[in-house]
Amino acid sequence: MEENKNLYSAVQPTNSLTIGNYLGAVKNFVALQNDYNCFYAIANMHAITVRQNPAELRRRTLELAALYIACGIDPEKCVLYVQSHVPAHAELCWVLNTFTYVGEMERMTQFKDKSRKHADNINMGLMDYPVLMAADILLYQTAYVPVGKDQTQHVEIARDIAQRFNNAYSPTFTVPECVYVKAGAKICDLLDPSKKMSKSAENANGSIFLSDDKDTVIRKFKRAVTDSEAVIKFDPENKPGVSNLLSIYSVFTDKSMAEAEADFAGKGYGDFKLAVGEAVADKLAPIQCEQARLLADKAYLDGVLKSGAERAAFTANKTLSKVYKKIGFYQN
Ligand code: TRP
């Protein structure tokens, strides 16, 4: 990755983030902020593609802003903003819709999954989700998009749309690249270690949320699925549950896998689960404390988001204006 290029990512203000989201996304956003021009959005326009409770959506938007900052995102270095505060997203999305085929949207994996999950509400927005995401990315002349594996197909489409537009007119958009952020480890569901830990899992006891207090964290780890062997070693094939706990322990304590295993040589699963729970809870506590402090200072958060939206709009409108010119929209 070349330094000083634009980098874009976003998180939806739905559900609480899990420790998997933290390791896979937000923690890396922090690491990237020194080397790139980072734009980090709160994707509330994507969030409404499935029904949201309005009061909750509003609350979660502010909570996510506070969380980003509590995790170490510096709003002076990065552009931190709420997607709906920058109208250019909806505007570019409309134009890009005319460069996107219905067939390719129908084939998107996430659209098919979500259509199954929300069969009573397969709305146009759900189908248009990838185009809005392309608009997000392309507005900022983004070179790099750090996302999890589940979003790769969406970044691919953004590349296709960018190339299609550039070929039809002349170079207008930077063609973005997906960057895989190493989570340090793949974090799996505590109750079903064959599945990735998800913020929308059916059973919330399998996921550790960044908002979980210490008692909750420890209770969830106590119930985590292991095996009947009573040996603590990293062997994801044969011991998925124990290996997942070891991974979590190693990333939360910054220890290597060998050190993590050594910490539990000869110990029982009870002590092991408790130690993993404590390591996680101890890391979450200062983030939660800082998030609460920020949420109590609404004026500060509002100021950050206002300035973020202004800076985002400045870059976004430059791209939008180029697009409007190329497609023949009369501008005066
Ligand atoms: N769809 C992404 C997710 O759910 C969030 C998102 C919206 C995004 N716009 C984006 C991610 C642009 C990267 C770039 O994780």
- [ ] Please work out which residue is modelled with the lowest pLDDT, limiting yourself to the stretch 8-22 and to residues that are more than 10 Å from the ligand (Cβ to nearest atom) and touching a Phe, Trp or Tyr at 6+ places or on another chain (Cβ under 9 Å).
- [x] ASN15
TODO: Could you give me the residue pairs with C-beta distances under 8 Å whose first residue belongs to the stretch 126-140 and is under 13 Å from ARG107 (Cα atoms) and at pLDDT 95 or above, whose second residue is aliphatic (A, V, I, L, M) and near the ligand (Cβ under 9 Å from one of its atoms) wherever it lies, and which are 6+ apart or on separate chains?
DONE: PRO130/ALA158
Open item on the list: Just checking, does the stretch 18-26 include any residue being crowded, with 20+ Cβ neighbours inside 10 Å, more than 17 Å from MET197 (Cα to Cα) and not basic (Lys, Arg)?
Closed with: no
- [ ] Go through the stretch 38-64 and give me each residue that's away from the ligand (no atom under 15 Å from the Cβ) and touching an Asp or Glu at 6+ places or on another chain (Cβ under 9 Å).
- [x] LEU62
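This table checks each residue for (1) touching a residue at least 60 places away in the same chain (Cβ under 8 Å); (2) surrounded by 15 or more Cβ atoms within 10 Å (Cβ to Cβ).
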site: ASP235; (1), (2): no, no
site: ILE248; (1), (2): yes, yes
site: ALA260; (1), (2): no, yes
site: TYR269; (1), (2): no, yes
site: ALA275; (1), (2): no, yes
site: ALA281; (1), (2): yes, yes
site: GLU310; (1), (2): no, no
site: ASN317; (1), (2): yes, yes
site: SER321; (1), (2): no, no
Open item on the list: Based on this model, can you work out whether LEU92 counts as part of a helix (DSSP H, G or I), away from the ligand (no atom under 16 Å from the Cβ) and either of a type in the set (Phe, Trp, Tyr) or surrounded by 17 or more Cβ atoms within 10 Å (Cβ to Cβ) (or both)?
Closed with: no
- [ ] Please specify each residue of the stretch 207-226 satisfying the condition of being over 24 Å from VAL26 (Cβ atoms) and surrounded by 15 or more Cβ atoms within 10 Å (Cβ to Cβ).
- [x] VAL225, THR226
TODO: Identify the residue in the stretch 145-187 that is touching a Ser or Thr at 6+ places or on another chain (Cβ under 9 Å) and of a type in the set (Ser, Thr, Tyr) and, among all such residues, is modelled with the lowest pLDDT.
DONE: TYR180
TODO: Can you run down the residue pairs with Cβ atoms below 8 Å, 6 or more apart or on separate chains, where the first is in the stretch 66-82 and over 14 Å from VAL26 (Cβ atoms) and free of Cβ contacts under 8 Å to residues at least 60 places away in the same chain and the partner is surrounded by 20 or more Cβ atoms within 10 Å (Cβ to Cβ) and not polar (S, T, N, Q)?
DONE: LYS77/CYS38
- [ ] Among the numbered conditions (1) at pLDDT below 95; (2) away from the ligand (no atom under 16 Å from the Cβ); (3) within 22 Å of the chain's Cα centre (by Cα), tell me where GLU229 comes up short.
- [x] (3)
- [ ] Working only within the stretch 139-169, note down all residues that are out of contact with any strand residue (DSSP E or B) (no Cβ under 9 Å at 6 or more places or on another chain) and within 11 Å of the ligand (Cβ to nearest atom).
- [x] GLN153
TODO: Could you check the stretch 1-82 for strands (runs of 3 or more DSSP E) lying wholly inside it with 2 or more residues that are within 30 Å of ALA204 (Cα to Cα) and touching a Ser or Thr at 6+ places or on another chain (Cβ under 8 Å)?
DONE: 37-42
- [ ] Taking only the stretch 237-263 into account, find how many residues are under 18 Å from ILE19 (Cβ atoms) and outside any helix (DSSP H, G or I).
- [x] 2
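The values are calculated or read from the model by the stated rules, or taken from the named source; none is laboratory data. Quick caveat, the model's predicted, so the values are computed rather than measured. Neighbour counts run over all protein chains shown; Cβ positions are idealised from the backbone, glycine included.
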